[in-house]
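First the structure, in the form of structure tokens, and then the observations on it.
The values are calculated or read from the model by the stated rules, or taken from the named source; none is laboratory data. Note that the coordinates shown come from a computational prediction; the quantities given were computed from them, not determined experimentally. In this analysis, Cβ positions are derived from the backbone assuming ideal geometry, glycine residues included, and neighbour counts consider all displayed protein chains.
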Amino acid sequence: MAMTPDEFYQHALAATDDEDRLPLSRMTGWEISPFEQDGLRVTPLRPPVMPEAPRHGEDPAECGMCRKRDTGFWFNERWRLDRVAGAAVPLILMLYPRDHYDLADLPDEMAAEMGLLGTRIVRHMQALPHIGRAHMYRFGDGAVHLHLWFFARPEGQAQFFGSWLPVWDDLLPEYPADLADADAALVADALVASSGGSRTPEA
Ligand SMILES: [Zn+2]
């Protein structure tokens, strides 16, 4: 039987100091951590908030991602792929269903298609010059409408390995948008070749 929210909080609080701060995480000791442990401290642990705040798009009529169903670099009838502006890593792409679905509500056929598209997007990103690896993430805490993240890690930057990459992206200077657009177009062309669909929304 899982702990209730308050039981979990009390369980975690028992590991904190007199300011409700947890000790530094193991991740901050990793070689790939963007932060030195000296001078770093954890924010005080806050109690659970029940019920949780609504996410963006709980009401599909107010979902910004639904309004952008024709925006992107690649489309088929059910999915679209767009580039995330302002990225610091060479390329961040996002795959969305064109209609309003949360991950847990995705019909089986679309879930299967998402697996294929995700695999191929990673493959096509990793085929770009100077990309060491493409990471794929799904969080879902901020918005209802499913959006899968694809982060391209610059080749050779072993310091950016793993789960700190989105934090490094937040720290690094913005990557030139014209270069990212050109790489997004290459991925989109490769996706048309591997998976059909089109560069325009009238797929
Ligand atoms: Zn939506």
Flagged in region 46-103 as within 13 Å of the ligand (Cβ to nearest atom), surrounded by fewer than 11 Cβ atoms within 10 Å (Cβ to Cβ) and assigned to a loop (DSSP other than H, G, I, E, B), in numbering order, are Asp59
What about Ile32, is it of a type in the set (A, V, I, L, M) and in the same structural domain as Gly132 (by TED's automatic domain parsing)? no
Over region 113-130, the set of residues crowded, with 18+ Cβ neighbours inside 10 Å and outside any helix (DSSP H, G or I) is Leu128
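Looking at Ala112, Ala152, Ala127, which is the one that is closer than 21 Å to Ala88 by Cα and more than 17 Å from the chain's Cα centre (by Cα)?
On the way: Ala112 fails: closer than 21 Å to Ala88 by Cα; Ala152 fails: more than 17 Å from the chain's Cα centre (by Cα).
Among Ala112, Ala152, Ala127, only Ala127 is closer than 21 Å to Ala88 by Cα and more than 17 Å from the chain's Cα centre (by Cα).
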Restricted to region 136-154 and to residues being within 23 Å of Leu106 (Cα to Cα), buried (at least 19 other Cβ atoms within 10 Å of the Cβ) and of a type outside the set (Phe, Trp, Tyr), the residue nearest to the ligand (Cβ to nearest atom) is His145
Residue pairs within 6 Å by beta carbon, gap of at least six or interchain, first lying in region 41-66 and on the phi < 0 side of the Ramachandran plot, second part of a loop (DSSP other than H, G, I, E, B) and near the ligand (Cβ under 10 Å from one of its atoms), listed first then second, are Arg55/Val144; Glu58/Val144; Pro60/His100; Cys63/Gly57; Cys63/His100; Cys63/His145; Met65/His145; Cys66/His100
Reported set for region 155-201 where residues are touching a Phe, Trp or Tyr at 6+ places or on another chain (Cβ under 9 Å), outside any loop (DSSP other than H, G, I, E, B) and either charged (D, E, K, R) or within 16 Å of the ligand (Cβ to nearest atom) (or both) is Asp169, Asp181, Asp189
The condition of being under 29 Å from Phe161 (Cα atoms), out of contact with any strand residue (DSSP E or B) (no Cβ under 9 Å at 6 or more places or on another chain) and not assigned by TED's automatic domain parsing to the domain that holds Tyr175 holds, among Thr4, Thr43, only for Thr43
Reported set for region 93-114 where residues are touching a Pro at 6+ places or on another chain (Cβ under 9 Å) and aliphatic (A, V, I, L, M) is Leu106, Met110, Met114
Residues of region 104-135 being farther than 17 Å from Gly197 by Cα and within 16 Å of the ligand (Cβ to nearest atom), in sequence order, are Ala104, Asp105, Leu106, Pro107
